[in-house]
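The values are calculated or read from the model by the stated rules, or taken from the named source; none is laboratory data. These figures come from a predicted structure and were not determined experimentally. All Cβ positions, glycine included, derive from the backbone under ideal geometry; neighbour counts span all protein chains shown.
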Amino acid sequence: MRGRIRASSSLHWGFVMSSSQHVAVVGAGLAGLACATALVAAGHRVTVFEKSRGVAGRMSTRRGEGWHCDHGAQYFTARSSSFSAEVARWVEAGVAKLWVPRLAVFGEAALHRADAALQRYVGAPQMTAPAQWLASALPAPVKLGVQIEGLQRVGAAWRLQVGAALLEDEFDAVVLALPAPQAAALLQDCAPALAQQAAAVRMRPSWALMLNYAAPLELGFEAAFVNQGPLRWVARNNSKPGRSGAESWLLHAQPEWSEARLQMPAEQVAAELQEAFAALGAPPAEQWNAHRWLYADTAPAHEGPPAQSVWDEASGLGLCGDWLGAGKVEGAWLSGQRLAQQMVAMANTMSRASNS
């Protein structure tokens, strides 16, 4: 069961964020980039760290010889006015486009429905494009391939640990834009109360299987919600705008099925998922690639609405991510924006107080 996340507050003003501070953002998925973008716009200096070779987190694309396939987030919707405006910016910049696939639903329709009126968008020419566009607009490049392994308070500043060493830079605040279990591990020694909040969230895994074919498949659908067996979602990657290369399909496995097979060899996982895809009319693939997402989504909450973000002004530590923002791409962006707003609002309040 997912625990309830609370937005932290403190009566002890040990940390004061003035009008211009140096903030470390750990994680260059959409939540971290949204937070960094808003903080920079408010006049703060931001350094973003990402352990992977590129930005975008689970808005990911796998590339191979002559093919590519979105194997993380498959599309995004915009229900709030603020995210709708952001998506409009992405569309205007050419990094997102509307996707109108032929949709099907297999199994119990009540679980997942093919809402014909819902507008679905994808990154263009690949799912990583919006995140790459946001990252390119930051004053300083994202520090890629840097895994933060610890946080240490040194005087009034935060230092970040990489390997056994502390980075030389000192930060006034640190934002963890990471999956809940990873955030909890970093906070365990330096902020146990925040670590406990993050650890209360249960994130679920998902196996992703990318299938390549020599010729286009005609199955009568280009994407489908699957409410039976091991599959949860299938999509023809080539049906998305801007895609090219060999015919590729993406299969996402159901979370409970994936959790029970986390340690199963990829060959066996691929065989079982292809068997389920064959039941929908698909032939065997010429080539396959598997990816195990350990933190694909968040188990449904049972206690109150999502907090969107957590900001602890006493320590100068913040948390954001889709796991705080009701999941999905929109939830990640809203969470990052919300955290930046909290940080900037406190800075403005303290600035007015000091000048009065």
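Is at least one residue of region 294-308 over 19 Å from PRO205 (Cα atoms) and modelled with pLDDT of 95 or more?
Within region 294-308, none of the residues are over 19 Å from PRO205 (Cα atoms) and modelled with pLDDT of 95 or more.
Which pairs have Cβ atoms under 9 Å, sit 6 or more apart or on different chains, and link a residue in region 148-160 that is in contact (Cβ under 8 Å) with a residue 12 or more places away in the chain and among the aromatic types (Phe, Trp, Tyr) to one that is surrounded by 14 or more Cβ atoms within 10 Å (Cβ to Cβ) and not in a strand (DSSP E or B)?
TRP158/GLU170; TRP158/ASP172; TRP158/CYS190; TRP158/SER315; TRP158/GLY316
When the residues of region 119-143 are narrowed to those that are of a type in the set (A, V, I, L, M) and surrounded by fewer than 17 Cβ atoms within 10 Å (Cβ to Cβ), which ends up farthest from CYS69 (Cα to Cα)? So that I can check it myself, show each step before the final result.
As a first pass, look at region 119-143 and keep what is of a type in the set (A, V, I, L, M): 122, 124, 127, 129, 131, 134-135, 137-138, 140, 142.
Checking which are surrounded by fewer than 17 Cβ atoms within 10 Å (Cβ to Cβ) leaves us with 137, 140.
On the way: ALA137: 25, ALA140: 29 Å.
Here the answer is ALA140.
So the check is Cβ under 9 Å with 6+ separation or different chains; which pairs have a first residue in region 210-226 that's closer than 17 Å to ARG243 by Cβ and free of Cβ contacts under 8 Å to residues at least 40 places away in the same chain and a second one that's of a type in the set (Lys, Arg) and assigned to a strand (DSSP E or B)?
Close Cβ pairs (under 9 Å, with a partner that is of a type in the set (Lys, Arg) and assigned to a strand (DSSP E or B)) amount to PRO216/ARG236.
For region 57-72, what are the residues that are of a type in the set (Gly, Ala, Ser) and touching a Leu at 6+ places or on another chain (Cβ under 7 Å)?
Going through region 57-72, the residues of a type in the set (Gly, Ala, Ser) turn out to be 57, 60, 64, 66, 72.
Answer for region 57-72, where residues must be of a type in the set (Gly, Ala, Ser) and touching a Leu at 6+ places or on another chain (Cβ under 7 Å): just GLY57.
Can you name every one of the strands (runs of 3 or more DSSP E) wholly within region 144-254 that holds 2 or more residues which are within 21 Å of TRP67 (Cβ to Cβ) and at pLDDT 95 or above?
By residue number, 203-213, 223-227, 231-236, 247-253.
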